[in-house]
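Laboratory data are not the source of any read-out in this text; all were calculated from the coordinates shown. This is a predicted model, so every value here is computed, not measured. Here Cβ is always computed from backbone atoms with ideal geometry, including for glycine, and neighbour counts include all displayed protein chains.
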Amino acid sequence: MKRYYQPEIETMPREQLRALQSERLVKQVKHVWDSVPYYRKKMEDKGVCPEDIHGVEDLPKLPFLSKADLRDAYPYGLLAKPLSDCVRIQSTSGTTGRRVVAFYTQHDVDLWEDCCARAITAAGGTNEDVCQVCYGYGLFTGGPGLNGGSHKVGCLTLPMSSGNTERQLQFMTDLQATILCCTPSYAAYLAESAIEAGLRDKLKLKAGIFGAEAWTEEMRHDIEEKLGIKAYDIYGLTELSGPGVSFECEEQGGMHINEDHFIAEIIDPVTEEVLPYGSKGELVFTAITKEAFPMIRYRTRDICVLNAEPCSCGRTHIRMSKPMGRSDDMLIIRGVNVFPSQIETVLLNQGMPANYQILVDRVNNTDTLDIEVEMTAETFSDTVAAISKKENELVNALRAMLGITARVHLVAPKSITRSEGKAVRVIDKRKLY
C-alpha cells in the first residue's frame, strides 16, 4: 500500500517539479525584493535583481542568509507581509543572543501542516490512528506542527506536549496511541519508563516520528526494538516553518524534502561553492511558498548529503541524509573535528544505552574530552575490574572512530539527568572566545 497524503505532488515527475520550483522561485524573489528592504540591500550588494532570476538554475546568483542575519533583522526586519496578515509566530529555543522569531500567515500555517501530514501518512498514519504528540507546544514548532498535521490526516490527536511521563504512559495505554511524535531522546526515555512500569505489553504503538535533535541509526534500532515500532526521522527548523521540511518514507533511506516548498542545495561551508548531489556539505534551503517569512538560500549549518536517486516508495522528491553534525557547532578538540553523533554510534555499537554526556574542557592549554556513560543494571552489578575493562574497551573504540583519546567514565544507572525535550549531550567549559 502506497502512503501518500498528496500523491499528485509527492509523485510529480522531476521535470514538472523543477518547472514548478522555477516558477515559484521567480515569484518569491520578486516578493522579497518588493517587500523586504533587508533582502533588497543584500541582493543589491551582490549585484543581482529580480530580472536576473529566471529559474532554479539562477539560484547561485542570490546571496546567502544566515542566523546572524535573522538576529540582526530581529524582530520585524525580514517580515514580508503586513502584521495584519500574520496569525502566528514561532521561535527558536536558543539560549544565547537574540531569539529567532518566525512569522506565519494562515496560508503559511496551512502549507506547513500539509507537510507534516505527508510525514504522518508516510509513517502509515490514517484517520483510524491515535497520534500522541509529545513535542513541546508554545513557541517551539514541534508540537504545533505535528498537531496540525495529525488533524489534517484525521487522526485522533493527543496534544500531550513534553513532560509528565507518568501521564504520557497512562494516555498512551488507556487511549491506545498508535503513533508517537517526540524527540528521539524522549522516545528512549518513554521506552525505558514503560518497560520499568511493566506497561510494554500494553502499548499499541506502531510508528514513531522523531526529530528536533541528532540521533543515530543505532539509537533508531534500539528504540524500535524496545517500543516494537518503526521509527521515522523528520527534519525541520523554525526559520523555514518547523518539522516537515523533510521526512522519511517506509524505506527509511533518507528524508524526502518537500521540494514543492523548499529548494535544497549542498555547499562547501568554507568556499560556499555549490556541490553536486552525493557530496557531503552544508545544507542550504530556499523557501519558495512562504509568505510572511520567506528564507532565500538560508544556511542551516547542518552537514548532510542529498540523494537524487529514485526511491522505491514512488516519491520523486530528493532525499537528504540524517544530519551528520553541524558546520558551526562541531567540536574541535586538539585540532580534530568531533561530532557527538560519532560518539553515540560507538557507545551504542558497544552495547551501552543512549544516556551519556560529553564534557569538554581546557586544562593547561590542552583540550580534555571526558564522556560519562550510564551503565545498564547488569553492568552496574559487575566487579570494579569488569567495569574498568569495559571503560578501556570504550576508550579504544572511541579512539578508532575519532582519532583522539577520550576518558570514559561509567556511572550509575539514572545518574545522568533525563531530558523531556532536547537532550543536553555536550557541556563545553572551554573559553574559546
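Data overview
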read-out: Kirkwood Rh and Cα Rg combined as Rg/Rh, region 331-428; value: 0.95
read-out: Rule-of-thumb Rg ratio for the chain [Cα; 2.2 N^0.38 Å; N residues]; value: 1.01
read-out: Shape of region 275-330, Cα gyration tensor, a/c cut at 1.5; value: oblate
read-out: Sites Asn396 and Gln106 - FRET efficiency at Förster radius 56 Å, r taken between beta-carbons, to 0.05; value: 0.50
read-out: Length released on extending from Asp52 to Met324, taking residue separation times 0.36 nm less the Cα-Cα span; value: 94.5 nm
read-out: Shape category assigned to region 66-165 from the gyration tensor of Cα positions, a/c cut at 1.5; value: prolate
read-out: Cross-link pairs Lys61/Lys422; Lys280/Lys390; Lys42/Lys81; Lys67/Lys204; Lys226/Lys422; Lys152/Lys290 - those with Cα-Cα distance over 29 Å; value: Lys61/Lys422; Lys280/Lys390; Lys67/Lys204
read-out: Hydrodynamic radius of region 313-388 per Kirkwood, over alpha carbon pairs, in Å; value: 15.4 Å
read-out: Burial ranking of peptide ranges 309-316, 267-274 (average Cβ count within 10 Å, highest at the top); value: 309-316, 267-274
read-out: Sites Tyr74 and Glu272 - FRET efficiency at Förster radius 35 Å, r taken between beta-carbons, to 0.05; value: 0.90
read-out: Region 1-129: C-alpha gyration tensor shape, a/c 1.5 cut-off, then a/b vs b/c; value: oblate
read-out: Whole-Hz ³J(HN,Hα) from phi, Karplus 6.51 cos²θ - 1.76 cosθ + 1.60, for region 208-217, glycine and proline x; value: x, 10, 10, x, 6, 7, 6, 8, 9, 4
read-out: Computed FRET value (nearest 0.05) for Ala377 with Arg200, which takes r as the C-beta separation and R₀ as 25 Å; value: 0.95
